[in-house]
Amino acid sequence: MDFGRYDKEDLERAVEVLRAGGVIVYPTDTVWGIGCDATNPEAVAKIYALKQREDSKSMLVLLDSAAKLNYYVDIPETAEMLLEETSPQPSAQGREYEDEAKPLTIIYPNARHLASNLIAEDGSIGIRISSEPFSQALCARLKRPVVSTSANISGHPTARFFHEIEEAVLNGADYVCRFRRDDETPHEPSSIIKVNSDNTFIIIRQ
């Protein structure tokens with residue numbers, strides 16, 4: 001299967017549900033995720049309820065472009081350097097890109113223009129720039145960040161593939177995307193680095 005070619009109807013249906021404040025299950029650049037419009041606090045609350053998770057634990061969001069970051073967070077110099085290092089690099093021929101680095105989630109300071117129940121108590125938020133075609137197009141079409149949290153009940157094993165997602169999660173979502181359901185390619189959770197306003201940083205997960 002060519003994962004660069006997704007069903008436009010599938011994408012549009014997912015976007016419609018997100019705009020209406022619904023919750024979707026969808027493929028990301030790591031594992032399958034549960035998502036909603038990251039600016040909608042009622043939709044975010046639905047995800048906490050579905051995952052049976054305390055809302056004191058913040059969730060990360062996806063964006064389709066690093067150019068949109070500064071609308072939602074401050075970007076310390078250290079974070080800018082990390083973004084440059086993990087961006088796909090052109091090959092020697094200049095026509096294709098070399099293999100991308102492991103997906104990286106950066107926790108930024110001073111989050112804004114997002115649902116308040118999504119932001120950590122210290123005002124930070126984790127954001128990853130997706131390079132996976134469907135989730136990237138989802139953010140671009142919605143024109144807002146999309147929540148991305150693993151498609152499992154809190155405390156249960158992470159679903160590595162679609163067929164491992166619990167029925168309770170699938171039944172609790174307003175829409176389950178069709179794209180990549182048959183994908184058996186192993187995907188790992190992203191690396192997570194928290195960058196503070198003073199450019200100090202903490203590696204949360206390598």
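The values are calculated or read from the model by the stated rules, or taken from the named source; none is laboratory data. Computed from a predicted structure; not experimentally measured. Ideal geometry is used to build each Cβ from the backbone, glycine not excepted, and the neighbour counts take in all protein chains shown.
On the given criteria, is residue 20 touching a Pro at 6+ places or on another chain (Cβ under 6 Å) and within 22 Å of residue 113 (Cβ to Cβ)? No; evaluated as a whole, the condition is false for this residue. Remark: residue 29 falls outside the filter, which requires a residue to be of a type outside the set (S, T, N, Q), touching a residue at least 24 places away in the same chain (Cβ under 8 Å) and assigned to a helix (DSSP H, G or I).
Among 99, 55, which is more than 21 Å from residue 145 (Cβ to Cβ) and at pLDDT below 95?
Values: 55 fails: more than 21 Å from residue 145 (Cβ to Cβ).
Answer to the check: 99.
Remark: residue 14 falls outside the filter, which requires a residue to be farther than 15 Å from residue 133 by Cα, under 17 Å from the mean Cα position of the chain (by Cα) and assigned to a helix (DSSP H, G or I). Only one entry of 154, 197 meets the criterion of being in a loop (DSSP other than H, G, I, E, B), among the hydroxyl-bearing types (Ser, Thr, Tyr) and modelled with pLDDT under 95, and that entry is 154.
Considering only residues in the stretch 10-52 that are at pLDDT below 95 and polar (S, T, N, Q), the one that is surrounded by the fewest Cβ atoms within 10 Å (Cβ to Cβ) turns out to be 52.
Filtering the stretch 81-96 to residues that are out of contact with any helix residue (DSSP H, G or I) (no Cβ under 9 Å at 6 or more places or on another chain) and either surrounded by 12 or more Cβ atoms within 10 Å (Cβ to Cβ) or modelled with pLDDT of 95 or more (or both) leaves 81, 82, 86, 88, 89.
Check the stretch 110-127 and report whether any residue there is within 20 Å of residue 83 (Cβ to Cβ), touching an Asp or Glu at 6+ places or on another chain (Cβ under 7 Å) and at pLDDT 95 or above. The answer is yes, given that some residue of the stretch 110-127 is within 20 Å of residue 83 (Cβ to Cβ), touching an Asp or Glu at 6+ places or on another chain (Cβ under 7 Å) and at pLDDT 95 or above.
All of 131, 148 fail the test of being closer than 23 Å to residue 8 by Cα and either modelled with pLDDT of 95 or more or assigned to a strand (DSSP E or B) (or both), apart from 148.
Among the residues making up the stretch 32-67, a single one is touching a residue at least 60 places away in the same chain (Cβ under 8 Å), part of a helix (DSSP H, G or I) and closer than 14 Å to residue 140 by Cβ: 66. The condition of being surrounded by 13 or more Cβ atoms within 10 Å (Cβ to Cβ), touching a residue at least 24 places away in the same chain (Cβ under 8 Å) and touching a strand residue (DSSP E or B) at 6+ places or on another chain (Cβ under 7 Å) holds for only one of 201, 179, 162, that being 201.
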